[in-house]
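Take a look at the structure below.
The values are calculated or read from the model by the stated rules, or taken from the named source; none is laboratory data. None of the values given here were measured: they were computed from a predicted structure. Don't worry about glycine lacking a Cβ; one is built from the backbone with ideal geometry, like all the others, and counts go over all protein chains shown.
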Amino acid sequence: MKPTLLVLAAGMGSRYGGLKQMDPMGPNGESVLDYSVYDAIRAGFKRVVFIIRKDFADDFKAQMGSKFAEKIEVDYCYQDLHDLPEGYSLPEGRTKPWGTTHAILAARNSIDSHFAVINADDFYGRDSFQQITSYFTQSESTSTEKDHYCMVGYKLSNTLSDHGDVNRGVCKKNASFLEKVEEHTEILIEKDGICRGENLNGQRVELSTSALVSMNFWGFPPSLLVHLQAQFKAFLDERGSEMKSECYIPTVVDDLISAGTADCNILETSSTWFGVTYPQDKDSCVASIKKLVDTGEYPTNLWD
C-alpha cells in the first residue's frame, strides 16, 4: 500500500479573512495542515498532493511544501475555474469555485492509488489517519462489483462554530455503512436554540446536533475519478449557468451509493476534530493544539 493524501488547500478563506491553511497555530508556528501531514506520515501515507491556486502557489510552496519535501513525496495540482470538460465554458461573471468535486478533479492525472481527501484547515487527529490506512489495506483484499469508499464521521455538535454558520454533509447510516449524505449550508444554532441548515433545495430545515456529519475526510480508490468526471458534467448540465452553484463530494457519494455503484464504510475514531472557519475560532484552535502538545501527543517542534 502506498496511499496518497490529497489536501484541498485552494480555498480563499473569505469568512476567515485570509489563507487559514497557512496561518500559524502551533507553538513553533505550525499550521493545522502541518499536523495533518505529520499524522499522515506516521500512519503510512507515502505521498501528499496539494490542490492549490496558482495565485498563491509560490508562497504556499515556500511556507508549507518545503517543510515536507524530505519527509514525504510532495506534488501540486492547481484548481482553476476555467478547467472544465470539453464543450463547457465558464459563465460570464462567475468568480466562485465549483466546489469540492471540481477540486479533487484537479488531481485527476496525478492519482493512481488509493487516496484520502482532507480539508487543509481541519484538524482530524492521529487515529483518524490510522483508521483510513487500515481500511485501505482491508479493502484491497475485498473484490466485489462495487467500489468501496470510507469516511470518518463526527458529531454535528462537535463541529459547529460559536462565531457563525458552517457547511456540513449530514449523514444517515445503516450499521457501519453510510446510507445517505446530504450537504447542508449555513448551519448554526438559531436564536430559538434550534440547529438549522439550508439543504440543496434551498429549504431551511431543523438538524439534530447528534447527527453524524462528514468533515471531508474520505478514503477512495482511484476509480472514483471516472465517476467524478461523469457527475461533474451532469452538474454542469443542470446548474452550470448559476453564479454560485457548487458540486459537493458528499452529493456525488450519495448519488453513487443510491445507484448501487459504491458503498461507504463509516470509520469510528478516538480522535477529536476541530477547525477554523472564522477569525474568532483561532484562539480555540491554538488552545486545543497546545493541550495535545502538553500531553505528549505531538512534539513541541513538529519538524525538528
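Only residues that are among the aliphatic types (A, V, I, L, M) and more than 20 Å from the chain's Cα centre (by Cα) were counted across region 217-268, and they come to 5. For region 264-278, the condition holds for at least one residue, the condition being that it is part of a loop (DSSP other than H, G, I, E, B) and charged (D, E, K, R).
Restricting attention to region 29-46 and to residues that are of a type in the set (Gly, Ala, Ser), in contact (Cβ under 8 Å) with a residue 24 or more places away in the chain and out of contact with any strand residue (DSSP E or B) (no Cβ under 8 Å at 6 or more places or on another chain), the residue that is surrounded by the most Cβ atoms within 10 Å (Cβ to Cβ) turns out to be SER31.
Restricting ALA103, ALA120 to those that are buried (at least 22 other Cβ atoms within 10 Å of the Cβ) and at pLDDT below 95 reduces the list to ALA120.
Of all the numbered requirements in (1) surrounded by fewer than 21 Cβ atoms within 10 Å (Cβ to Cβ); (2) out of contact with any Leu (no Cβ under 8 Å at 6 or more places or on another chain), HIS114 misses one, and that requirement is (1).
Every test in (1) assigned to a helix (DSSP H, G or I); (2) out of contact with any strand residue (DSSP E or B) (no Cβ under 6 Å at 6 or more places or on another chain) is passed by GLY65 save one, and that test is (2).
On the given criteria, is ASN167 within 30 Å of PHE136 (Cα to Cα), free of Cβ contacts under 8 Å to residues at least 40 places away in the same chain and surrounded by fewer than 15 Cβ atoms within 10 Å (Cβ to Cβ)? No; evaluated as a whole, the condition is false for this residue.
A single member of GLN229, GLN203 is surrounded by fewer than 20 Cβ atoms within 10 Å (Cβ to Cβ), of a type in the set (S, T, N, Q) and either touching a residue at least 40 places away in the same chain (Cβ under 8 Å) or touching a strand residue (DSSP E or B) at 6+ places or on another chain (Cβ under 6 Å) (or both), and it is GLN229.
Please determine whether any residue of region 246-255 is out of contact with any Cys (no Cβ under 8 Å at 6 or more places or on another chain), part of a strand (DSSP E or B) and either more than 22 Å from GLN138 (Cβ to Cβ) or free of Cβ contacts under 8 Å to residues at least 60 places away in the same chain (or both). No, that holds for no residue.
Every condition in (1) modelled with pLDDT under 95; (2) within 18 Å of MET243 (Cα to Cα); (3) loosely packed, with under 13 Cβ neighbours inside 10 Å holds for HIS82 except the one numbered (1). When the residues of region 207-220 are filtered to those that are modelled with pLDDT under 95, surrounded by 14 or more Cβ atoms within 10 Å (Cβ to Cβ) and of a type outside the set (A, V, I, L, M), the one that is farthest from GLN138 (Cα to Cα) is THR209.
Do we find a residue being farther than 22 Å from MET151 by Cβ and part of a loop (DSSP other than H, G, I, E, B) anywhere in region 111-124? No, region 111-124 has no match at all. Within the option set TYR78, TYR38, being aromatic (Phe, Trp, Tyr) and in contact with a Lys or Arg (Cβ under 6 Å, 6 or more places away or on another chain) holds for one residue only, TYR78. With the requirement that a residue be at negative phi and out of contact with any strand residue (DSSP E or B) (no Cβ under 8 Å at 6 or more places or on another chain), what does region 159-186 give you? Listed by number, the residues that qualify are ASP162, HIS163, ASN174.
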